[in-house]
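Chemist: Pasting a structure below so you can have a look.
The values are calculated or read from the model by the stated rules, or taken from the named source; none is laboratory data. In this text, all values refer to a predicted model and were calculated from it rather than measured experimentally. Note: ideal-geometry Cβ built from the backbone for every residue, glycine included; neighbour counts use all protein chains shown. Quick note on the areas: whole protein, heavy atoms, side chains included, nothing else; ligands and nucleic acids left out. Shrake-Rupley method; radii C 1.70, N 1.55, O 1.52, S 1.80 Å.
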Amino acid sequence: MGFKDKIEKFRQWQREPLDYSYSKDDVHHCQCCGEDYNGNFCPACGQRATLGRINWNSVRVGIMDLWGMGGRSLPRTLWHLLLRPGYLIGDYISGKRQVSFPPVKMLVIVALVVFLIVNWTDPTFFQDTTQGAVTDGMSAHEKSSYYFVLFFEKLQKHIDWMALLFLSFLIYPTWVTFHYAPRHDHHTLPQGFFIQVFNSTIVLIIILFLGFCDSILPSENITSTIFCIVVFLQLLRTYQQLFGYNWWSTIWRLLVVIMAGVVMIVAGVVLSGFVMFALFGDMDSSLRNGFKFILLIIVAMILLVGSHLINKRTSKRGDS
């Protein structure tokens with residue numbers, strides 16, 4: 001088998017949906033209630049057909065059940081998420097939820113592992129620099145900056161929710177921009193939430209990998225640049241597999257999604273400033289932030305409406 005044949009075989013494996021094995025013809029005898037049946041589970045008591053004598057695998061499954069990982073394999077789902085992310089996500093949002101480890105639980109577990117490893121390698125990374133700060137006598141700008149820093153330092157200790165929070169700003173732009181995609185067209189906003197949950201898990205794995213490589217990189221700026229490039233390439237691969245556009249069509253649509261998402265994030269920060277300045281009595285700064293927020297939302301809407309009209313026109317022609 002040549003190299004091209006191996007690549008094609010790998011691509012075929014990527015495209016094939018995950019299958020939930022089901023023994024239709026084999027007759028099983030339940031060791032729990034004595035019922036004879038066909039299928040993977042006893043219809044009388046619900047015991048799994050593949051359960052046999054207790055062995056070391058039973059010990060492993062029992063320990064994994066403590067974390068809720070006994071039924072659907074977390075390592076297997078992570079393996080598929082890294083090698084065929086868009087196809088795995090497509091399987092999940094299409095209804096094949098039993099073949100994947102629960103995505104939200106997976107995000108929390110991966111975040112816990114990342115937190116422990118990062119805290120072990122760099123104990124000062126999650127240190128609270130605002131502890132003991134006194135806000136008396138601060139101006140409105142100083143108080144606003146203080147509470148912003150405090151919020152992000154608290155959020156940093158929950159990097160799973162931090163990643164999901166920022167990627168959640170991509171849910172609506174993705175829904176608009178990929179509304180007429182060849183695959184999973186007219187996907188819903190709740191489905192978009194789970195798309196970003198899977199993406200958040202991938203981002204945490206990238207953070208963990210770059211954390212190991214950080215010692216050999218010359219500066220934090222280079223690390224941040226590499227992180228942004230790797231995340232963009234990963235999102236590009238995921239969206240291309242998930243929605244079925246060709247590479248160039250996926251690139252410009254993903255750029256629109258990211259630009260709209262960034263504008264919406266900045267708008268959210270500006271809106272927070274509007275609220276804080278209003279609470280602290282600086283109405284001039286509050287009104288300026290309110291005006292900036294409206295302008296940013298208009299920019300985001302122009303980006304999304306423009307991409308929506310282009311997608312609607314190209315979908316009628318059958319372009320991809």
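Chemist: Residue by residue through the stretch 90-112, note down the ones that are among the aromatic types (Phe, Trp, Tyr) and under 17 Å from residue 190 (Cβ atoms).
Modeler: Residues of the stretch 90-112 that are among the aromatic types (Phe, Trp, Tyr), as a first pass: 92, 101.
Within the stretch 90-112, 92 is the sole residue that qualifies.
Chemist: From (1) among the hydrophobic types (A, V, I, L, M, F, W, C); (2) crowded, with 18+ Cβ neighbours inside 10 Å; (3) modelled with pLDDT of 85 or more, pick out the condition that doesn't hold for residue 79.
Modeler: Of everything listed in (1) among the hydrophobic types (A, V, I, L, M, F, W, C); (2) crowded, with 18+ Cβ neighbours inside 10 Å; (3) modelled with pLDDT of 85 or more, residue 79 misses just condition (2).
Chemist: Here are 181, 140, 133, 163: which of them is modelled with pLDDT under 65 and either surrounded by 17 or more Cβ atoms within 10 Å (Cβ to Cβ) or touching a Leu at 6+ places or on another chain (Cβ under 7 Å) (or both)? Quick ask: steps written out before the conclusion?
Modeler: Details: 181 fails: modelled with pLDDT under 65; 133 fails: either surrounded by 17 or more Cβ atoms within 10 Å (Cβ to Cβ) or touching a Leu at 6+ places or on another chain (Cβ under 7 Å) (or both); 163 fails: modelled with pLDDT under 65.
After ruling out the rest, the residue left standing is 140.
Listed here are the residues, each with its yes/no results for (1) buried (at least 22 other Cβ atoms within 10 Å of the Cβ); (2) without any contact (Cβ under 8 Å) to a residue 60 or more places away in the chain.
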residue	(1), (2)
237	no, no
245	yes, no
248	no, yes
251	no, yes
268	no, no
272	no, no
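Chemist: I'd like the full set of residues that are surrounded by 18 or more Cβ atoms within 10 Å (Cβ to Cβ) and within 15 Å of residue 192 (Cα to Cα), limited to the stretch 93-110.
Modeler: Pass one, the stretch 93-110, residues surrounded by 18 or more Cβ atoms within 10 Å (Cβ to Cβ): 93, 99-103, 106-107, 109-110.
If the condition is that a residue be surrounded by 18 or more Cβ atoms within 10 Å (Cβ to Cβ) and within 15 Å of residue 192 (Cα to Cα), then 93, 103 are the ones that fit.
Chemist: Residue pairs, Cβ under 9 Å, 6 or more apart or interchain, first in the stretch 294-308 and in a helix (DSSP H, G or I), second open to solvent by less than 40 Å² (accessible area, probe 1.4 Å) and among the polar types (S, T, N, Q). List them.
Modeler: From residues that are in a helix (DSSP H, G or I), the pairs are 303/177; 304/177; 307/177; 308/177.
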